[in-house]
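See structure below.
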Amino acid sequence: MIIFEKINFIESQCINPQDAVIIRLLMEGIGTHEIVYLKKDSLDAANRLLVVKDSYGLKRQVPVTKRCVELFQNALQQTKYILNNGYNPNKQLSVNLRDSDFLIKVSMQDFIANQSMITDMDSVVLRTIYMRLRRLAEFFSTPELTHLTAVKLEHKERAYA
């Protein structure tokens, strides 16, 4: 349970809603590959239901917490991504996020740098998720954070609050 508390703490310390929502969704049992396909219309905020699709287009409805709804909505609004979780003693650095219907947005730099190789946007979003989790794991010295992408939390470990 200590790992869960650490990850919950990290989620609460994320400057970027885009980062916090990734962690929250993983804690609530949404798989990494399912997060890739989440779009603006995936959330029914009033009923706190998330319509999750996989790469085959199969759908399922997942009840989510109030916190998840808030983070989802904040992540959709985010237009700039603050680097290094906002920690830079001299100057806070940020990059513009590419506007899209996807919940997880990629930076314009990533999009432009890889534009010639992009055949499916989902692979770019997946790469973005893994990179952000890795950076947060390093920043907070918590390698367990990257393990969230490899395992599904048991029902009793999920974050229902």
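Some observations on this one:
- Close pairs (6 angstrom Cβ cut-off, 6 or more residues apart or separate chains): more than 15 Å from residue 100 (Cβ to Cβ) in the range 124-135, among the aliphatic types (A, V, I, L, M) and surrounded by 16 or more Cβ atoms within 10 Å (Cβ to Cβ) anywhere: 133/145
- For the range 42-55, the count of residues that are touching a His at 6+ places or on another chain (Cβ under 8 Å) and within 20 Å of residue 126 (Cα to Cα) is nonzero.
- Once the range 72-84 is narrowed to residues that are without any contact (Cβ under 8 Å) to a residue 60 or more places away in the chain and either hydrophobic (A, V, I, L, M, F, W, C) or within 15 Å of residue 39 (Cβ to Cβ) (or both), the residue that is most open to solvent (accessible area, probe 1.4 Å) is 73.
- Residues of the range 53-71 that are free of Cβ contacts under 8 Å to residues at least 40 places away in the same chain and within 14 Å of the chain's Cα centre (by Cα): 69, 70.
- Selection within the range 34-53 - small (Gly, Ala, Ser) and either open to solvent by 50 Å² or more (accessible area, probe 1.4 Å) or in contact with a strand residue (DSSP E or B) (Cβ under 7 Å, 6 or more places away or on another chain) (or both): 42, 46
- Of all residues in the range 85-117 being under 23 Å from residue 32 (Cα atoms) and basic (Lys, Arg), the one that is modelled with the lowest pLDDT: 98
- Test: residue in the range 125-147 that is among the charged types (D, E, K, R) and modelled with pLDDT under 80: no
- Positions within the range 15-25 being open to solvent by less than 10 Å² (accessible area, probe 1.4 Å) and not polar (S, T, N, Q), in sequence order: 19, 20, 21, 22, 23, 25
The values are calculated or read from the model by the stated rules, or taken from the named source; none is laboratory data. If you're wondering where the values come from, they're calculated on a predicted model, not measured in any experiment. All Cβ positions, even for glycine, are placed from backbone atoms using ideal geometry, and neighbour counts span all protein chains on display. Ligands, DNA and RNA are stripped out before the accessible areas are found, and what is left, the full protein with its side chains, is counted by its heavy atoms. Shrake-Rupley method; radii C 1.70, N 1.55, O 1.52, S 1.80 Å.
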